[in-house]
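Any read-out appearing in this document is the output of simple, stated calculations on the displayed coordinates, not a laboratory observation. Since the structure is predicted, the reported quantities are computational estimates derived from the model, not experimental observations. Methodologically, a virtual Cβ is constructed for each residue, glycine included, from the backbone with ideal geometry; neighbour enumeration extends over all protein chains shown.
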Amino acid sequence: MTREWNIVVCVKQVPDADDVSIDPETGTLNRSDAAAVLNRPDFNAIEAALELKEAVGGTITAVTMGPPFARAVLETAVGLGADDGALLTDRAFGGSDTWPTSLALARISEELDADVVICGEESTDSSTGQVPPGIAAHNGWSQLTYVEELEPDPDNDELIGVRDIEGGHEKVAAGLPVVVAIEFGANEPRVAGLHRKIFSETEFEPTEYTAADLGIEDQVGLANSPTSVGGMDTADPVERKKQVLDSIDELVEALQEEGVV
Amino acid sequence: MADVDPDDYEGVWVFIEQHDGEAAKVSWELLAEGRVLADKKDDRLIALVMGEDVSHIAEEAIERGADEVLVAEDPIFEPYLPEPYGEQFRHLVEARKPDIVLIGGSHTGRDFAGRVAVPTKAGLTADCTELDIEPDTGLLLAKRPTFGGDAMATIKCTTHRPQMATVRGGVFDAAEREPGREGEIQSVEVVVDESHVHSRVIERVVGEVTDITDADVVVAGGYGMDGDFGPVEDLADALDGEVAASREAVEEGWAEAARQVGQTGKTVRPTLYVAVGISGAIQHLEGMNDSEIVVAINSDENAPIFENADYGIVGDLFEVCPALADAIRAAKGEEVTQ
């Protein structure tokens with residue numbers, strides 16, 4: 001049966017790489033003092049969601065979990081063409097690792113009756129790539145990771161993805177609902193239209209959800225995260241000669257003495 | 001889900017990724033590291049093999065250091081799909097309670113690890129560059145570089161089991177096969193059927209997998225290449241080496257992902273590593289630190305790469321690389337073509 005799809009796109013606000021500090025007590029990233037931006041791979045996720053909507057019809061809801069000011073990334077998504085936004089914000093979420101984070105995103109995806117959940121490949125701040133398969137696992141849904149191309153098959157309630165694998169690619173048909181992780185750089189993200197951008201910054205209000213709204217107040221946060229940071233060290237530098245040479249001849253000579261040329 | 005009693009969990013498991021009856025090299029590398037960890041905590045090393053007709057892989061796992069191999073053999077496990085693999089793994093973890101599980105950081109391994117960590121409520125750490133056992137507690141210490149800094153974070157999982165980690169190719173050395181080595185191969189009950197599978201592989205096209213981890217000479221280009229890898233390719237040719245790239249260069253689409261060096265790419269250990277137009281972030285250094293001799297070519301004299309190189313040339317890489325390639329060809333007595 002052909003019908004329109006509910007598309008959820010998960011986005012994340014990340015600190016700008018050049019502007020981040022680490023909390024010396026907890027060893028976790030101090031996100032509050034860094035300039036916050038939309039995770040770059042998520043632009044590819046938003047673009048994939050927009051293309052999917054153009055192909056099959058439906059609605060796109062952008063979802064993020066974070067502090068109240070993380071609504072900025074929902075505004076970005078709505079400016080680019082998402083229809084609505086949901087902000088999961090609650091002190092209870094603080095310190096969540098990928099297990100509770102993917103639980104929260106799984107619950108909101110259920111709440112929104114998602115057919116397709118689209119994520120970026122990974123976040124630039126923690127770069128685990130574990131959240132998309134985590135969402136799928138929490139809900140028992142199918143998953144397509146490292147996706148280069150998407151091809152919807154609404155007649156069969158399937159989404160076909162071309163996945164990048166070591167040494168090649170594979171084409172996988174996944175039954176709905178499905179969680180997709182789009183490979184970074186898989187498409188050319190569009191630029192926001194002016195009217196939509198103004199709407200997102202002036203009129204758009206995200207729907208807010210607390211952990212209790214999602215029924216997971218006892219399953220999230222630092223206390224419910226299996227992993228924790230057990231310490232920080234400076235990396236052991238490898239002893240190197242650190243000789244800056246003036247000419248290529250000197251370099252070739254040095255490499256000959258080392259026996260590598 | 002209630003916390004588990006860590007004392008109930010034992011054994012170091014390594015997931016042996018295989019496609020078409022061929023094991024992924026990274027799995028053998030992790031089996032060697034798993035041997036080290038198991039010996040440190042006086043525990044057993046157990047390889048997990050899933051697929052159809054995989055008994056030769058199980059035998060190889062014994063020869064490469066496993067005490068025991070668990071084999072889940074069924075056509076439903078060919079080719080890899082996350083749902084049947086995940087369901088079978090969940091069952092095995094619940095029934096056998098492994099303490100540690102190591103998984104290769106390939107796309108398949110990361111797809112699998114992210115899927116299985118949830119139902120088992122495992123603590124999963126991605127892209128570790130060092131693993132160790134904490135002496136007093138026996139806990140797995142999973143180390144990875146931190147974001148935006150030059151520090152290493154140690155990730156622990158104290159109250160949940162199993163402790164899981166993914167590791168990219170080349171971080172560890174695979175162990176040699178030891179023919180005649182003895183171990184136990186155990187066939188396990190397959191608990192998965194078609195009702196667990198909601199996706200299907202329509203087509204699978206795999207060519208030769210580029211492998212830079214064994215190269216004796218590696219010439220890597222970074223963001224400074226500005227879209228033109230020609231100078232790096234030419235220099236690699238002069239040195240009979242492999243071309244590699246930084247993460248930035250791969251993300252820009254200038255080089256294929258299989259050639260990426262660093263925490264989220266491959267770790268290489270060549271005799272000679274030449275870093276061209278690479279600034280030298282810790283995530284990159286983690287992938288090249290095992291190189292014997294490091295040469296850096298960069299226009300920025302303050303780039304951190306010079307602190308991590310044996311020899312450096314400050315200059316325009318588009319001039320330095322061709323000149324160096326010519327000088328090397330001349331030194332080797334080859335005809336200089338340009």
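Details
- One equal scatterer on each Cα of the protein assembly as shown, no solvent, Debye formula: the resulting log10 I(q)/I(0) at q = 0.06, 0.07, 0.09 Å⁻¹ is -0.31, -0.43, -0.72.
- Neighbour-limited loop hits for GluC sites (Glu not before Pro), the range B:239-338 (at most 14 other Cβ within 10 Å; DSSP other than H, G, I, E, B): B:256, B:292, B:301, B:334, B:335
- Under a Gaussian network description of chain A, with springs only between Cα atoms under 10 Å, the residue in A:207, A:234, A:59 that fluctuates furthest is A:234.
- Members of B:41/B:266; A:242/B:332; A:12/B:143; A:242/B:143; B:121/B:266; A:53/A:197 lying beyond 22 Å, as alpha-carbon distances in this model show: B:41/B:266; A:242/B:332; A:12/B:143; A:242/B:143; B:121/B:266
- Counted over the range B:6-196, the DSSP beta bridges are approximately 30% antiparallel.
- For the protein assembly as shown, share of DSSP beta bridges that run antiparallel, in % to the nearest 5: 35
- Pairwise inverse Cα distances across chain A, averaged and inverted, put the Kirkwood hydrodynamic radius at 20.1 Å.
- Under Karplus coefficients 6.51, -1.76 and 1.60, residue-wise ³J(HN,Hα) of the range A:174-187 in Hz, glycine/proline x: 10, x, 7, x, 9, 9, 10, 10, 7, 5, 4, x, 5, 9
- Around residue A:41: net Lys/Arg minus Asp/Glu count, Cβ-Cβ under 10 Å: -3
- DSSP beta bridge pairing in chain B, given as percent antiparallel to the nearest 5: 20
- Taking other residues whose beta carbon is less than 9 angstrom from the beta carbon of residue B:53, and scoring Lys, Arg as +1 and Asp, Glu as -1, yields -3.
- Of B:66, B:245, B:95, the one that fluctuates the most in a GNM where chain B has Cα springs shorter than 10 Å: B:95
- Divide the volume of the convex hull around the Cα atoms of chain B by the residue count and you get 157 Å³ per residue.
- Partners of residue B:97 within straight-line reach, counting aspartates and glutamates whose Cα lies under 14 Å from its Cα and excluding those fewer than 8 residues away in the same chain: B:3, B:5, B:7, B:8, B:10, B:43.
- Other-chain or far-sequence residues with amide H under 5 Å of residue B:18's (modelled H): B:24
- Taking the number of Cβ atoms within 10 Å of each Cβ as an exposure proxy, the fewest-first ranking of B:199, B:291 is B:199, B:291.
- Degrees between helix A:98-111 axis and first principal axis of chain A (Cα, 0 to 90, nearest 10): 20
- Amide H partners (placed H, <5 Å) of residue A:142, local residues excluded: A:179
- Whole-Hz ³J(HN,Hα) from phi, Karplus 6.51 cos²θ - 1.76 cosθ + 1.60, for the range B:175-183, glycine and proline x: 7, 5, 6, 10, x, x, 5, 9, x
- Integer Hz, Karplus 6.51/-1.76/1.60 couplings in order for the range B:61-76, x for Gly and Pro: 5, 5, 5, 9, x, 6, 7, 8, 10, 9, 10, 10, 10, 5, x, 5
- Only helical runs count toward this figure. For chain B, summing -39,500 (n - 2.57) over DSSP H runs of n ≥ 4 and dividing by all residues gives -8000 deg cm²/dmol at 222 nm.
- Size-normalised alpha-carbon gyration radius of the range B:6-196, reference 2.2 N^0.38 Å: 0.96
- Choice from A:111, A:149, A:51 showing the highest fluctuation, given a GNM over chain A with Cα pairs closer than 10 Å: A:111
- Over the range B:217-331, the hull volume per residue, using the convex hull of the C-alpha atoms, is 83 Å³.
- With Cα atoms, 0 to 90° folded angle of helix B:317-331 axis to chain B main axis: 90
- Backbone amide hydrogens, once placed in the peptide plane, bring residue B:133 within less than 5 Å of B:141, excluding anything fewer than 5 places away on its chain.
- Cα-based helix-to-principal-axis angle, B:25-40 vs chain B, degrees rounded to 10: 60
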